[in-house]
Every structure is written in C-alpha cells, then in structure tokens.
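Student: My structure is below; once you've seen it, I'll send some questions.
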Amino acid sequence: MTTSTTNQPFLILGVESSCDETAFAVVESTGRVLSNTIASQVELHARYGGVVPEIASRAHLEACVPLYQKALAEAYVHMEQITAIAATQGPGLSGCLLVGFEFAKGLALRHNKPLVPVHHIAGHADSVYLGKTENAWGHSLTQAQPPFQPYVALVISGGHSSLIAVHAPLKYEILGQTMDDAVGEAYDKIAKLMGLPYPGGPLLDRLAQLGDPNAFKLTLPLSRASDDREACMFSFSGLKTAVARYVEAERKTTGEEVLDANFINNLAAAFQQTAVESLAQKTKNALKKTGYKRLAITGGVACNSHVRTRMKQALRGIKIAIPAPEYCTDNAAMIAGLGARCYQQQANQGLGLNVKASWSIEEFG
Ligand code: KG4
Ligand code: ZN
C-alpha cells in the first residue's frame, strides 16, 4: 500500500454521495482540481419537492462507475498515479453514503490504496482551498502545503447552517448552528409553497433581484439574542412561516392559486434580504467571539447573489473567501482536497470503517 508523507504534491481521488449528488474528483494535495464530475439528481426529485432517499441511493448506484471513469479521464490520470482515495463517511442519508463509501472501499481494495474517510461539512468548510490556479483565499496553488491561518467557516446549504471555527487544520469547533430549518431548506420550502419548482434557492435568488425587499415586513430572527448561547445560532422556520402567511393571505384575497409575479418577486426579495441579514449578523458575532479576521462562506447557498455582495459590505476589515460555485454546491473536489490534508496528517484511515449518518464535525480529524 502507498504511504507517502513527503512534501511532494500527490493526487487524491474523491468520492461524494451523501445526499442527491453523486460526485467524483481528482485533486492534487495543493488544492489544484484536475477533474470535478457530478451527476445531479435534481430532476429525479423535483416532482416530490425534495430528496427521496430510496430514489437517491439507486441513482448513486447507477452513476458511480461512469462518473469514476469520467473523473480519471478528465484528469488524464490512471489509478496508479492516485495516492489515496477519500470518501464521504458522513453525515448524510445512510443509504446514499453507503453507496459511495463502499464503492470507494472496493477501489481501495482493488488498487491497494489507503481509504481516507472525510466529514462532509468539514469538506465544505475546507473547500476554500480548491481552485484551478489559485484557491479562494487568493493563494497560488504551487506549494505542496497551502498556508493555513485560522478562520470562521459559514457553511450554508440545504442541510446545514453552521458557524464553525477552524482553529487549525482538522480542528473544528461549532460556534453555532440552526435551531430548526437550514437556510437552503427554507429557500426550498418557500419556493414550494409559492408553487415554484425544486430546488428553490437559485430560482428565488433570481426572482428576488426583480423585487422590492421593502414591500413586506419580516422580522429578523433571534436578533436580540445577545447572550453567548444564541449569539451565533440561526432560526429560519419562523421566517418561513411569516412568508407562508403572506402567501395564504394573497391567495385568499385574489381567490387564485397561482400567485402574481410581482407578489412573488417582492416576497422573495424581502425573504432574501432578511435571511441574509441574519447570516451577516450571526457571522459578525462569530468573528467577534473568535477574534479571527478571515471568513469562508461555503455550501450551496454561498452561490446566492445577495450573500456574495451583502456579506462583504457588512463585514468590513474581514478577508472573505467564497469558492467558485462548482465547489460551493455538493462536490467531490472538497472531499478529495480535505482527504489530502487527512492523509498528510495520517488521520484515521482503513477499510474497516462504516458510514456515519449523524456525525459531529468536532469528532472528526
Ligand atoms: O451544498 P448543497 O449542494 O447541498 C446540501 O448539502 O444541501 O446545497 C443545496 C442548497 C439547496 O437548498 C439550494 O436551494 C441552495 O443550496 N441554493 C441556493 C442557491 N443556489 C443553491 N440558495 C439560495 N440562493 C442560491 N443562489
Ligand atoms: Zn453539502
């Protein structure tokens, strides 16, 4: 079995299947992405308005072999050139995790390579180290070990809204998380109740840009929470209910199920402004608490146009890194990139491991 801890760059194959995206990627230990292939299941789940675990597992099974071959072909590498295989061990849907993780085990066994288990949320938090020529911090990807400075990671996706302190490589502390819905989940649920297709985030983002955010009054969630316990906590369920009430009232007034386009645009804008303001406020508290001057914004919702502009305005003096959109949504490059760090630090490895559907980031590393 290959075991190298030299400072020479090496290649990692990454495998991700925790939710509704099957993904394979080849990444150099510098963070340079050689290939990043994804099979999205959005269309399969769209008519149900959310992810159906059984359908997702079956789709992962079908996608693994072709995507694995595509990832190697696009990177112009053979398995002999790969040093280790990193796969998402958790958290996620257990049936989905199982498909990718066991596939990775099979590859590791067949090609005599180490299997490196990776935490999905840690993968998001570390995705700022990925790129083609430079990472999201602006570092050129020529050094074997990219420079590290402590930072706060705001991980915002369909499953998670977390503020995480990354004190050192593989040393994570949860500063706060959502008490109910994740922010992406709130986007998806609001879109559904407005009669819009899944996933709601990208569409509501586009519609919000056409609307007036001040047309509706929405309260900022947990905004008076000054005590330590809630200062970095999120809540999006009340906001979602407030939006639902406006939708209900509008349907009652018009007597129509289909909502007026202006109404949707304005309500989407008001929701987006309030949700992003909450993200900014809680992130400010997290930065204050740690004293860190660097912020990574990652996960699917980091693609949001208002997140990208507003966070920079609200957090002056903070160096903000937001990965390219293909590294924000679920992908295997982030799993491979973090897998390289784990491999270098000789973190937990082995074929005897099992998937962990629930797994705290603080127990990883
Ligand atoms: O990271 P991701 O691909 O998967 C999870 O781990 O959940 O994130 C998907 C989530 C979905 O909820 C989707 O609606 C949301 O990210 N999303 C967005 C945008 N693009 C994706 N939400 C708001 N604005 C966007 N532009
Ligand atoms: Zn994710």
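Student: Ranked highest first by the average count of other Cβ atoms within 10 Å around their residues, in what order do 235-247, 158-170, 312-324 fall?
Tutor: 158-170, 235-247, 312-324
Student: Net charge near Gly339, counting Lys/Arg +1 and Asp/Glu -1 over other residues with Cβ under 12 Å of its Cβ?
Tutor: Local net charge: -1.
Student: Suppose the Debye formula is applied to equal point scatterers at every Cα of the chain; what is log10 I(q)/I(0) at q = 0.09, 0.10, 0.12, 0.13 Å⁻¹?
Tutor: -0.49, -0.61, -0.86, -0.99
Student: Subtract the Cα-Cα distance of Gln313 and Ser360 from 0.36 nm times their separation in residues, and report this length gain in nm to one decimal.
Tutor: Contour length minus the Cα-Cα distance gives 13.8 nm.
Student: With the Cα gyration tensor of the stretch 236-365 in hand, convert its eigenvalues to equivalent ellipsoid semi-axes via √(5λ) and list them largest first in whole Å. Intermediate results must be reported in sequence, preceding the final value.
Tutor: Numbers: eigenvalues 277, 88, 40 Å².
Values for the stretch 236-365, descending: 37, 21, 14 Å.
Student: Where does each of 144-150, 94-100 land if you order them by average Cβ count within 10 Å, highest first?
Tutor: Sorting 144-150, 94-100 by mean packing, highest first, produces 94-100, 144-150.
Student: Where in the chain lies the longest segment free of GluC sites (Glu not before Pro) that are both loop residues by DSSP (not H, G, I, E, B) and have at most 15 other Cβ atoms within 10 Å? Display every interim value, and only then the final one.
Tutor: Numbers: sites that count: Glu256, Glu257.
Between exposed loop sites, the widest span is 1-255.
Student: Once amide H atoms are built 1.01 Å from N in the peptide plane, which residues 5 or more positions from Gly50, or in another chain, come under 5 Å H to H?
Tutor: The list, which skips near neighbours in sequence, is empty: none.
Student: For an R0 of 25 angstrom, estimate the FRET efficiency from the Cβ-Cβ distance between Glu74 and His111 and round to the nearest 0.05.
Tutor: Rounded to the nearest 0.05, the efficiency is 0.85.
A short reminder: the numbers here are calculations on the coordinates, not readings from a lab. This is a predicted model, so every value here is computed, not measured. In this analysis, Cβ positions are derived from the backbone assuming ideal geometry, glycine residues included, and neighbour counts consider all displayed protein chains.
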